[in-house]
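The structure appears right after this line, and notes come after that.
Where a number appears in this text, it was derived from the coordinates with a stated rule and is not lab data. Keep in mind the model is a prediction, meaning the values are calculated, not measured. All Cβ positions, even for glycine, are placed from backbone atoms using ideal geometry, and neighbour counts span all protein chains on display.
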Amino acid sequence: MVIEKTTTELFRHLITSGVKIIDVRQVEAYNGWHLKGETRGGHIAGAKSLPAKWLKYIDWIEIVRHKNILPEHEIVVYGYSPEETQEVAERFLKSGYKKVSVYNHFADEWVVNPNLPMQKLERYKNLVSAEWVNELILGGRPAEYENDNFVVVHAHYRNRDAYLNGHVPGAIDIDTNALEAEETWNRRSSEELKKALEEHGITADTTVILYGKYMDPDNDDEFPGSAAGDIGAIRCAFIMLYAGVKDVRILNGGFQSWQDAGFETSFTDEPKKPVADFGVSIPQKPELAVDTPEAKEMIVAANAELVCVRSWPEYIGEVSGYNYIEAKGRIPGAVFANCGSDAYHMENYRNVDHTTREFHETAEIWMNNGITPDKHLAFYCGTGWRGSEAWFNAWLMGWPRVSVYDGGWFEWSNDPNNPYETGVPEENLTPSR
């Protein structure tokens, strides 16, 4: 039997151990978007994100347990509608959870009372929903948008077919090679970035909405990291923000979210509309990128960390992760921030529908590993893509000094004078998810 909780009862639960409060709204609402016109955006402090949408996945219970929501916990479910909360609550009961209740006063009590604690993602507006993008391209004025100049960009790595085989209507495509050098995988020079951005119709004042498309990781024609969907798009976002584009958004969940929402797919090869001038000198935000000399300084600094966004086998030197990188190991002193199973995946930063993982979970894993917002953090991987996605997570959370070590293991290991480590570190750090 599902019991309904009052606001007073729920408030008491916030300080009660063994109680899990479950937010079943879509992740954008959890992050901070006011999807139903609520006075305050975000979620009940301490709540876990478990969108009702995920009920359709056959491994739903595994997702639940992965989020440390266990049968011994008391469960309180809330959302926008009683029907949605009831459906999720009943699934919990059918899955062996004994103490399950619903809270149906979030919209009429919780969001209007400033004394009830809520949390949100600091830069939630930079993760947009398919509904937000659809409203924009149809000529509307979606929330948190005050511009009259935008471009939707489908990012890929040497795979225009992924774009031509279906994309968001009106979107142009960008090959990541336009923004990063093929030889080094590092961001291109300021002059090259200026030219590329202008050719794609992007100025510093353009609102850019980027997305990627999930591809088969076994497809050798596509960068394997694209299996994570938006990773190439996030790589482009990092470089654009570094260059000076003021408003960069990511379609949360990439093209998968667009399809899940049931919106029209276009097969038109949209022409790019070049602009005469980017508008400002590049880079406007040089602090977002760290190169090898500064990385070496950070290794010995008490207030900085190099953060290794690679898999455990890469971190301990069992594999290099790439067929074009021979050296195996890690930068000495680098802190582990597990990306996932291998160099081809970022599943530990992703939800089952490819949306960005609940930010509280990411922050908890990082802080347990000594990755804290009071330090200057430079995220790196093999060639910059996974590092950029981890950086984006920290940037979204509003962590004050976060960068990407652009050269990563590829550049570091190419210099035989640079030291490296292999094996399990002395502190016996083990991978966490």
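Things worth noting here:
- Interatomic Cα distance distribution for the range 3-119, bins of 10 angstrom, percent: 14, 52, 30, 4
- Amide H contacts of VAL100 (H built 1.01 Å from N, in plane; Pro and chain starts excluded): ILE3, ILE75 sit under 5 Å, all sequence-distant by 5 or more or on other chains.
- Inter-centroid distance (Cα atoms) of the range 361-433 relative to the range 8-38, Å: 30
- A cut-off under 11 angstrom between Cβ atoms defines the neighbours of TYR124, and their net charge, with Lys, Arg +1 and Asp, Glu -1, is +1.
- Pair GLU183, PHE11: separation of 7 Å Cα→Cβ label points (nm): 6.5
- Of VAL245, VAL153, VAL280, the one that fluctuates the most in a GNM where the chain has Cα springs shorter than 10 Å: VAL280
- At 0.890 mPa s and 25 °C, Stokes diffusion of the range 310-368 via Kirkwood alpha-carbon radius, µm² per second: 196
- Inter-label distance, nm, simple model (7 Å from Cα along the C-beta direction), THR268/ASN417: 5.5
- Relative to the 2.2 N^0.38 Å rule of thumb, the range 125-260 has a C-alpha radius of gyration ratio of 0.99.
- Rg over Rh [alpha-carbon atoms, Kirkwood Rh] for the range 333-433: 0.95
- Remark on PHE336: its backbone amide H falls under 5 Å from those of CYS308, a criterion applied only to residues 5 or more positions apart or on other chains, H modelled at 1.01 Å from N.
- Rounded to the nearest whole angstrom, the semi-axes of the ellipsoid equivalent to the chain, taken from the Cα gyration tensor as √(5λ), stand at 35, 28, 20, largest first.
- With contacts taken as Cα pairs under 8 Å and at least 6 residues apart, the range 3-119 reaches a relative contact order of 35 percent.
- Rg and Dmax of the range 99-171, both derived from C-alpha coordinates alone, stand at 18.6, 52 Å.
- With contacts taken as Cα pairs under 8 Å and at least 6 residues apart, the chain reaches a relative contact order of 14 percent.
- The 3J(HN,Hα) values that the Karplus relation (6.51, -1.76, 1.60; θ = phi - 60°) gives for the range 375-389 are, in residue order, 10, 7, 10, 10, 8, 9, 9, x, 9, x, 6, 5, x, 5, 5 Hz. Gly and Pro appear as x.
- Angle in degrees between helix 190-199 and the longest Cα principal axis of the chain, rounded to the nearest 10: 60
- Those trypsin sites (Lys or Arg not before Pro) in the range 47-97 that DSSP places in a loop and that have at most 11 other beta carbons within 10 Å: none
- Annotation for the range 233-294: chymotrypsin sites (Phe, Trp or Tyr not before Pro) lying in DSSP loop with at most 13 further Cβ atoms inside 10 Å of their Cβ are PHE267.
- Looking at the range 83-132, the GluC sites (Glu not before Pro) that sit in a DSSP loop and have at most 16 other Cβ atoms within 10 Å of their own Cβ are GLU122.
- Scanning residues 5 or more positions from LYS48 or on other chains, those with amide H under 5 Å from its amide H are ILE21, ILE22, ASP23, with H placed 1.01 Å from N in the peptide plane.
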